[in-house]
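Contents: one structure, followed by commentary.
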Amino acid sequence: CDRTIVLNNNVDYGTRRIDQLPRPYSCQVTPYRELDFSERTKRAAQAVVPFFLGPCKAIFIGDVAIGKTSLVNRFCHEAFDGDYTATIGLDFEVERFQILNQAYTLQIWDTAGHERFKCIAQSYYRNTSVIVTVFDMTRPESLLNGKRWLDEAMRLNQGPVLKFLVGTKKDLLVCTAPAIKMAYDINAEYWPVSARTGENVTKFFRRLTALAFDHGVHAGAASDCKFVMDIVNRLGQRNEHCR
């Protein structure tokens, strides 16, 4: 018996176009208070000279069998299968967006949650832009374990990252208070979603990608500024030696 449920034969790629910063699930449970793209981002997107922003690497971490792959497949393929097998090592998806008329790529790294594959999964944690800690809303222990998964991912990433806490199986909704408290504790934006019904899935991915784009422009500008300052300093040192 095939239990796969496909909602649409084709993904609505109109959802990959973003002209305004999407709202969080709750303005009360997010550390990212921006109401719109920053002025710097808007100016960069409207500049005559095109700019290149590298892809966003988003890792999805958490216990085994909590719905990480179901969440990813719902967004990428508009499909839900209740009989997914456990991920071995890593599943990888690429989604292309148009944000403020600029091309932007989201890399989705769906990591294994089984203990025996942890060493393999951790090898993919480095140099990430976004960490999505996933838990099953019907399994409280998966929320508690989420803090450990996040700590391990943060240990391998020294730079700033965007953090999200995502609860799956919203259609089987249970008490959300512990998840909201956890989101506050780890300074992450909270999203309850349902891969089965599709509720909040596309909204979440659009929000994630748009925030990563905005923060990426700022990080790129900071790197460019540092590069210019390094050149200025080196020229200054060279001039000192020539005197």
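The values are calculated or read from the model by the stated rules, or taken from the named source; none is laboratory data. Since this is a predicted model, take the numbers as computed values, not measurements. FYI the Cβ positions are ideal-geometry reconstructions off the backbone, even for glycines, and counts take in every protein chain you see. Heavy atoms of the whole protein, side chains included, go into the accessibility calculation; ligands, DNA and RNA do not. Shrake-Rupley method; radii C 1.70, N 1.55, O 1.52, S 1.80 Å.
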Return only the number of the condition from (1) on the phi < 0 side of the Ramachandran plot; (2) at pLDDT 95 or above that residue 235 does not satisfy.
(2)
If we keep only residues of region 139-179 that are among the polar types (S, T, N, Q), at pLDDT below 95 and surrounded by 14 or more Cβ atoms within 10 Å (Cβ to Cβ), then the residue farthest from residue 61 (Cα to Cα) is 176
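Which residue, of 33, 40, 16, is of a type in the set (Lys, Arg), more than 30 Å from residue 176 (Cα to Cα) and either surrounded by fewer than 19 Cβ atoms within 10 Å (Cβ to Cβ) or modelled with pLDDT under 95 (or both)?
Details: 33 fails: more than 30 Å from residue 176 (Cα to Cα); 16 fails: more than 30 Å from residue 176 (Cα to Cα).
It is 40.
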Give 48, 72 a once-over and let me know the one that is assigned to a helix (DSSP H, G or I) and either touching a residue at least 24 places away in the same chain (Cβ under 8 Å) or more than 15 Å from residue 104 (Cα to Cα) (or both).
72
Which one of the conditions (1) open to solvent by less than 10 Å² (accessible area, probe 1.4 Å); (2) assigned to a strand (DSSP E or B) does residue 194 fail to meet, given that it meets all the rest?
(2)
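Mind checking which residues of region 141-179 are under 21 Å from residue 206 (Cα atoms) and of a type outside the set (Lys, Arg)?
Let us first name the residues in region 141-179 that are under 21 Å from residue 206 (Cα atoms), namely 160-171.
Result: 160, 161, 162, 164, 165, 166, 167, 168, 171.
Within the group 79, 58, 45, which residue is touching a strand residue (DSSP E or B) at 6+ places or on another chain (Cβ under 7 Å), modelled with pLDDT of 95 or more and among the hydrophobic types (A, V, I, L, M, F, W, C)?
Details: 79 fails: modelled with pLDDT of 95 or more; 45 fails: modelled with pLDDT of 95 or more.
Answer to the selection: 58.
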Selected residue (criterion: nearest to residue 56 (Cα to Cα)) from residues of region 91-109 that are open to solvent by less than 40 Å² (accessible area, probe 1.4 Å) and not polar (S, T, N, Q):
106
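Tally up the residues in region 104-136 that are at pLDDT 95 or above, out of contact with any helix residue (DSSP H, G or I) (no Cβ under 6 Å at 6 or more places or on another chain) and within 15 Å of residue 66 (Cβ to Cβ), please.
Step one: filter region 104-136 for residues at pLDDT 95 or above, giving 104-109, 128-136.
Of the ones still in play, those that are also out of contact with any helix residue (DSSP H, G or I) (no Cβ under 6 Å at 6 or more places or on another chain) are 105, 107, 109, 128, 132.
Filter again for within 15 Å of residue 66 (Cβ to Cβ), leaving 132.
Here the count works out to 1.
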